[in-house]
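The structure appears below as structure tokens.
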Amino acid sequence: MRREEKEVIIQELTEKFNNNPYFYITNASGMSVAKTNKLRRLCFERGIGYQVVKNTLIRKALETLETDYSSFNETVLTGFSGIMFHPESGKAPASLIKEFLKENKESIKLKGASIDGGLFIGHDQLDALTTIKSKDEVIGDIIGLLQSPAKNVIGALQSGGNKLAGILKTLSEKEAA
């Protein structure tokens, strides 16, 4: 690969890292062509970009970013590396990896992930990454929490009004009889 080609790849990776706050670096070495194609198909179907890149090119692209990814150098950027990008969800790639591992044991390993600049290193972080909520889910939870007290007050007022009307009606019927 010529120097110009490497520079183009580094530039493309830098743009992807800047445009996608969620990315995972995986090791899928030793997978058969059929399993690799299946993984790529699943990624495509779920809107996850998947690309195999040399570690030196990944390292150079990460060095151009504001976040410090130097902790990735010794543990994550070794051996075979594939990168999964997702623009909206931090847990989509983790869920895909976990699902893929159910059918294809020991086929893919999580080496590291970046979720909005937060770094997760090692395959043991996979379970934690699958529980991360997306921004929309967190906003929905907050709105639900904010609406809950208002709904309780309105419900109490409405039910209280019905009870009061029922009591008054019963009292007026007793007086009339």
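The values are calculated or read from the model by the stated rules, or taken from the named source; none is laboratory data. Source: prediction; values computed, not measured. All Cβ positions, glycine included, derive from the backbone under ideal geometry; neighbour counts span all protein chains shown.
Kindly establish whether Glu88 is modelled with pLDDT of 85 or more and of a type in the set (Asp, Glu).
Details: modelled with pLDDT of 85 or more: no; of a type in the set (Asp, Glu): yes.
For Glu88, the condition - modelled with pLDDT of 85 or more and of a type in the set (Asp, Glu) - is not met.
Within region 53-82, restricting attention to residues that are closer than 18 Å to Asp116 by Cα and among the aliphatic types (A, V, I, L, M), the residue that is surrounded by the most Cβ atoms within 10 Å (Cβ to Cβ) is Val76.
Would you call Leu126 assigned by TED's automatic domain parsing to the domain that holds Ile48, closer than 15 Å to Tyr50 by Cβ and surrounded by 15 or more Cβ atoms within 10 Å (Cβ to Cβ)? It is false that Leu126 is assigned by TED's automatic domain parsing to the domain that holds Ile48, closer than 15 Å to Tyr50 by Cβ and surrounded by 15 or more Cβ atoms within 10 Å (Cβ to Cβ).
For region 125-176, filtered to residues that are at pLDDT 75 or above and not in a helix (DSSP H, G or I), the residue that is farthest from Val76 (Cα to Cα) is Lys133. Scanning region 12-49 for residues that are surrounded by fewer than 14 Cβ atoms within 10 Å (Cβ to Cβ), in contact (Cβ under 8 Å) with a residue 24 or more places away in the chain and over 20 Å from the mean Cα position of the chain (by Cα) gives Ser29, Gly30.
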